[in-house]
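The values are calculated or read from the model by the stated rules, or taken from the named source; none is laboratory data. Here the structure is a predicted model, which is why all the values come from computation and not from measurement. Every residue, glycine among them, receives a Cβ derived from its backbone with ideal geometry; neighbour counts consider all protein chains shown.
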Amino acid sequence: MRESKIRDLELMANTIRKDIVDIAFKAQGPSHPGPALSCTDIVTALYFYSMNVDPKHPDMEDRDRLVLSKGHACPVIYSALAEKGYFPKEWLTTVRRTGSKLQGHPDMKKTPGVDMTSGSLGNGLSAALGMSVYLKNRGSNAQVYCILGDGEIQEGTVWESVLAAPAMKVDNLTAIVDCNHLQSCGAVYDIQHIPGMTAAWENLGWNVITINGHNMAEIVSALDMAKGFRGKPTCIMANTIKGKGVSYMEFDNAWHQKVPTAEQYEQAIRELEEERSWL
Ligand SMILES: Cc1ncc(C[n+]2csc(CCOP(=O)(O)OP(=O)(O)O)c2C)c(N)n1
Ligand SMILES: [Mg+2]
């Protein structure tokens, strides 16, 4: 891919990061900036490179679909959908407010462009699998993407779909695990680490690609490869940093769910603007 296209995607990711920080500051109650920032580059590549979607026709039958199974990270998709043109950017100032179409977790009945309601962890991959089977049965070429957290995959329901998807040969399904090594109460490694996780998915019949989830060139090439694989679903293991892009949020799990002070907000915006200047 041409370098200029990668740069465009990096600029968009920077814009989305600023929106996430803005939402964290202005939302009614604490949003989840750390989890949203860790999958910002992935979500940017999906909406602005890979996915065949049309904001004018959010319900188009043969569209690609995204299930944000780690639904608490929804500020990232709210920003991406607004930037894409599904709804006015001003809506982003209403997150978590009573009556807003942008609630604390994604609601497919409220928000244009949201393909699946989520927030109760562990359910998204089953929904994505159902969509994949439906689309394949229709003879559609549409792809289904599902973003899961590395803590989330401790949920038993996830593994029913990990087992079922290869048996159903859904090569239109790509699971992306946001491996930021933290969950809400601490480090995944300390709480319930899954030993040999990559090999586990491979042994259960998935193509597995491991990438740096903040390297745009690696993300787009993994997404291209996933689309090209035949006969099996793909899992992209993306190594990420919780809070990526804001120095004091990176690796600090306090930012799993927290409101920045005015000073912290200004610092975050300053840092992201500086990053933009050298992109
Ligand atoms: C079924 C269920 N149990 C508990 C929660 C509360 N909860 C919200 S986020 C979170 C941690 C998720 O960690 P991870 O999947 O690693 O996502 P990250 O925030 O690191 O991106 C938990 C336990 C929930 N949303 N759903
Ligand atoms: Mg995590």
Note to self: Quick check on A24: is it in contact with a Pro (Cβ under 8 Å, 6 or more places away or on another chain), of a type in the set (G, A, S) and surrounded by 15 or more Cβ atoms within 10 Å (Cβ to Cβ)?
What the structure shows: yes
Margin query: Please go through region 229-252 and give me each residue that is aliphatic (A, V, I, L, M) and more than 13 Å from A36 (Cβ to Cβ), ordered by number.
Written below: I236, M237, A238
Checklist line | Unmet requirement for S120, which otherwise passes all of (1) surrounded by fewer than 16 Cβ atoms within 10 Å (Cβ to Cβ); (2) over 20 Å from the mean Cα position of the chain (by Cα); (3) of a type in the set (S, T, Y) | finding: (2)
Next item on the list: Mind counting the residues in region 174-193 that are within 8 Å of ligand 2 (Cβ to nearest atom) and over 13 Å from F251 (Cα atoms)?
Entry: 1
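Just checking, does region 108-123 include any residue being part of a loop (DSSP other than H, G, I, E, B) and under 20 Å from F229 (Cα atoms)?
Within region 108-123 (the criterion being part of a loop (DSSP other than H, G, I, E, B) and under 20 Å from F229 (Cα atoms)), the answer is no, since none of the residues qualifies.
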Next item on the list: Check whether at least one residue in region 52-67 is within 18 Å of the chain's Cα centre (by Cα), closer than 26 Å to W255 by Cβ and within 16 Å of ligand 1 (Cβ to nearest atom), and report yes or no.
Entry: yes
Note to self: Out of the residues in region 242-272 meeting the condition of being among the β-branched types (V, I, T) and assigned to a loop (DSSP other than H, G, I, E, B), tell me which one is nearest to S184 (Cα to Cα).
What the structure shows: V259
Note to self: Looking at (1) over 24 Å from L11 (Cα atoms); (2) assigned to a helix (DSSP H, G or I), which one does L223 not meet, given that it meets all the others?
What the structure shows: (1)
Next item on the list: Scan region 143-171 for residues that are farther than 20 Å from A36 by Cβ and β-branched (V, I, T) and jot them down.
Entry: V144, T157, V158, V162, V170
Next item on the list: Return a yes/no flag: does region 29-40 have any residue that is more than 16 Å from ligand 1 (Cβ to nearest atom), at pLDDT 95 or above and either assigned to a loop (DSSP other than H, G, I, E, B) or in contact with a helix residue (DSSP H, G or I) (Cβ under 6 Å, 6 or more places away or on another chain) (or both).
Entry: no
Note to self: Which count do you get for residues in region 175-190 that are in contact with a strand residue (DSSP E or B) (Cβ under 6 Å, 6 or more places away or on another chain) and of a type in the set (V, I, T)?
What the structure shows: 2
Next item on the list: Test each condition in (1) part of a loop (DSSP other than H, G, I, E, B); (2) touching a residue at least 24 places away in the same chain (Cβ under 8 Å); (3) surrounded by fewer than 16 Cβ atoms within 10 Å (Cβ to Cβ) for K169 and report the one that comes out false.
Entry: (3)
Checklist line | Pick from region 1-15, criterion charged (D, E, K, R) and surrounded by 12 or more Cβ atoms within 10 Å (Cβ to Cβ), ranking: nearest to S38 (Cα to Cα) | finding: E10
Notebook entry, point to check: Mind checking which residues of region 188-218 are without any contact (Cβ under 8 Å) to a residue 60 or more places away in the chain and among the aliphatic types (A, V, I, L, M)?
Noted result: V188, I191, I194, M197, A199, A200, L204, V208, I209, I211
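Within region 41-62, identify whether any single residue is assigned to a loop (DSSP other than H, G, I, E, B), of a type in the set (G, A, S) and touching a residue at least 12 places away in the same chain (Cβ under 8 Å), and answer yes or no.
no
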Note to self: If I filter region 146-157 for residues that are farther than 29 Å from Q264 by Cβ, touching a Phe, Trp or Tyr at 6+ places or on another chain (Cβ under 6 Å) and buried (at least 19 other Cβ atoms within 10 Å of the Cβ), do I get at least one hit?
What the structure shows: no
